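Could you have a look at this structure, given as structure tokens, before my questions?
Each reported figure results from applying straightforward, stated rules to the coordinates on display, with no laboratory input. Predicted model only: the values in this text are computed from it and were never measured. Cβ atoms come from the backbone with ideal geometry, glycine included; neighbour counts cover every protein chain shown.
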Amino acid sequence: MWRRRRKITAIVGLMKITYFTSSAISSLLALIPQLTLCFGASCICHCTPTFKVAAATGHTVVLVDQTEDILEKSRKGIEESLRKVAKKKFAENPKGADEFVAKTLSSISTSTDAASVVHSTDLVVEAIVENLQMKNELFKRLDKFAAEHTIFASNTSSLQITSLANSTTRQDRFAGLHFFNPVPLMKLVEVIKTPMTSQKTFESLLDFSRALGKHPVACKDTPGFIVNRLLVPYLMEAVRLCERGEASKEDIDMAMKLGAGYPMGPFELLDYVGLDTTKFILDGWHEMDSKNPLFQPCPSLNKLVAEKKFGKKSGEGFYKYK
């Protein structure tokens with residue numbers, strides 16, 4: 001069982017992937033016992049809200065990144081996000097809002113040396129760039145310094161958890177913990193169990209997710225887990241439908257919003273997630289199973305990424321945003 005008042009370490013990477021907003025770490029902070037979060041420049045979006053949720057419930061959180069400048073920006077982002085939450089939560093009690101923010105921030109510390117903080121950590125949550133070699137090198141190094149009981153978890157959305165676990169000596173204390181954007185609002189967390197993950201580790205992560213106010217779902221270590229395994233092929237089929245000239249992207253988006261009740265059409269969602277991110281996921285799956293028709297490369301997507309048109313974050317993707 002996951003007990004509150006534990007220590008968690010979150011590790012994030014360098015690549016500029018704007019998958020989550022800086023409110024994410026904030027959310028995590030509000031709920032985690034002692035958590036060390038190690039992040040990099042790019043993943044501030046994904047993990048900041050998660051980080052906030054942990055701290056707000058009185059848990060001790062250590063945020064780890066590569067430079068003091070990045071950590072300072074992260075902390076400012078967390079404080080801004082907390083103040084927005086406090087303003088709504090304590091609408092008629094300004095003093096209570098200030099106390100909430102101050103107490104939450106007091107639960108957060110930072111470090112640029114992950115190895116120096118993991119020795120007293122109960123859970124390490126990694127969210128660095130989606131690069132198997134970089135992740136494996138990180139986990140291999142942290143494995144040498146972390147306590148025997150420490151659980152390692154990756155927030156990857158596309159890489160095989162088993163491949164990450166094999167870089168450590170704690171395969172039974174290793175699993176996937178995949179949050180969704182925007183973290184403060186999205187209730188879902190996918191908890192990924194590899195063939196080596198112990199039942200105790202798995203149940204601890206389920207309890208941990210619930211402690212964050214999330215709804216965990218269990219999945220085996222299959223490409224894309226549950227959501228992305230269903231979502232990415234759907235998005236790619238929408239693109240292929242347009243490539244074949246059978247419908248325009250505008251009509252496809254409108255059809256799925258009005259006919260299926262989706263808040264965004266597939267092309268709108270692709271631009272929101274990032275075309276480079278989607279291509280990376282699809283390429284990884286294709287490498288794992290090149291004969292699977294769902295994992296085949298997409299010419300239109302490849303062309304836009306090659307032209308540096310990544311979607312909303314670059315100002316243009318399938319649609320223009322300038």
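With only alpha-carbon atoms in the gyration tensor, what are the semi-axes of the equivalent ellipsoid for segment 34-220, in Å, largest first?
Numbers: eigenvalues 155, 66, 41 Å².
Ellipsoid half-lengths, sorted descending, are 28, 18, 14 Å.
What residues qualify as long-range amide H neighbours of Thr110, i.e. H under 5 Å apart, gap of 5 or more or another chain, H built at 1.01 Å from N?
Answer set, sorted by chain and number: Leu63.
What is the dipole size for segment 34-220, taken about its Cα centre, with +1 at each Lys and Arg Cβ and -1 at each Asp and Glu Cβ, in debye to the nearest 20?
Dipole magnitude for segment 34-220 comes out near 520 debye.
May I pose another question? If amide hydrogens are placed 1.01 Å from N in the peptide plane, which non-local residues have theirs closer than 5 Å to the one on Val189?
HN-HN under 5 Å from Val189: His215, Val217.
While we're looking at this one, here's another question. For a 24 Å ceiling on Cα separation, which of these pairs sit above it: Lys279/Lys320; Lys187/Lys257; Lys140/Lys313?
Lys140/Lys313
Could you pull out the GluC sites (Glu not before Pro) across segment 230-302 that fall in loop regions by DSSP (anything but H, G, I, E, B) with no more than 15 other Cβ atoms inside 10 Å?
Glu246
Considering only the other residues whose Cβ falls under 14 Å of the Cβ of Ile161, what net charge follows from Lys and Arg at +1 and Asp and Glu at -1?
With Lys, Arg at +1 and Asp, Glu at -1, the net is +1.
Once the other residues with Cβ under 12 Å from the Cβ of Asp65 are scored (Lys, Arg +1; Asp, Glu -1), what is the net sum? The partial results should precede the final answer.
Values: positive: Lys73, Arg75; negative: Glu68, Asp69, Glu72, Asp113.
Result for the local shell: -2.
Relative contact order (percent) for segment 229-288, with alpha-carbon contacts under 8 angstrom and 6 or more residues of separation?
Relative contact order, segment 229-288: 28 percent.
Apply the Karplus curve 6.51 cos²θ - 1.76 cosθ + 1.60, θ = phi - 60°, to the phi angles in segment 226-241 and return the couplings in whole Hz, x for Gly and Pro.
Computed from phi, the couplings for segment 226-241 are 9, 5, 5, 5, 8, 6, 4, x, 4, 5, 5, 5, 5, 5, 5, 4 Hz.
Throw me the Rg/Rh for segment 228-314, computed over C-alpha atoms with Kirkwood Rh, two decimals. Don't skip to the answer; put the middle values down first.
Values: Rg = 12.5 Å, Rh = 13.2 Å.
Here Rg/Rh amounts to 0.95.
Additional query: Could you please report the charge total around Thr197, scoring K, R as +1 and D, E as -1 over all other residues with beta-carbon less than 13 angstrom from its beta-carbon?
+2
Run through segment 126-234 and list the trypsin sites (Lys or Arg not before Pro) located in a DSSP loop whose Cβ has at most 14 other Cβ atoms within 10 Å.
Lys187
List the residues, sorted by chain then number, that are 5 or more residues from Glu316 or on another chain and whose placed amide H is less than 5 Å from its amide H.
Close amide H contacts, sequence-distant or interchain: Phe310, Gly311, Tyr321.
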